[in-house]
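Take a look at the structure set out below.
The values are calculated or read from the model by the stated rules, or taken from the named source; none is laboratory data. These numbers come from a predicted model, not from an experiment. Virtual Cβ from ideal backbone geometry, glycine too; neighbours counted across all protein chains shown.
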Amino acid sequence: MFGHRQYTAVRTDKCKGISWLTRHCEQRGAIARFLADRGIHVWSGHFYALEPIARLGLTETGGLVRVGLCHYATTEEVEYLLEALRTLTR
């Protein structure tokens, strides 16, 4: 998404999340802070998913940035998130 590699997990019994890698691994924490400064709550790290993160080869580089969207997220909230992500790529 937006020039980044994206990893998604598909489960029909859970809310879906989106995780991605930046071109530069050290930016994950900065991206999480950038979004938090805009009131968007995301996480960076391994999320206790140690085995999947290891299989993706991401343990040493700090894991992923994760956005959790649930059924109660409004269209406006999703658009706000997407606009913030677009800002990161400019």
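Each residue in the range 51-90 was checked for being under 19 Å from R33 (Cα atoms), of a type in the set (K, R) and not in a loop (DSSP other than H, G, I, E, B), and 2 of them qualify. Residues that are free of Cβ contacts under 8 Å to residues at least 12 places away in the same chain and touching a Gly at 6+ places or on another chain (Cβ under 7 Å) do not occur anywhere in the range 64-75. Annotation: of all residues in the range 59-84 being touching a helix residue (DSSP H, G or I) at 6+ places or on another chain (Cβ under 8 Å) and at pLDDT below 90, the one that is surrounded by the most Cβ atoms within 10 Å (Cβ to Cβ) is L64. The set of residues from the range 29-56 being within 11 Å of the chain's Cα centre (by Cα) and of a type in the set (S, T, Y) comprises just one member, S44. When residues of the range 60-85 are filtered for being within 15 Å of R28 (Cα to Cα) and either among the charged types (D, E, K, R) or more than 16 Å from the chain's Cα centre (by Cα) (or both), how many remain? So the answer is 2.
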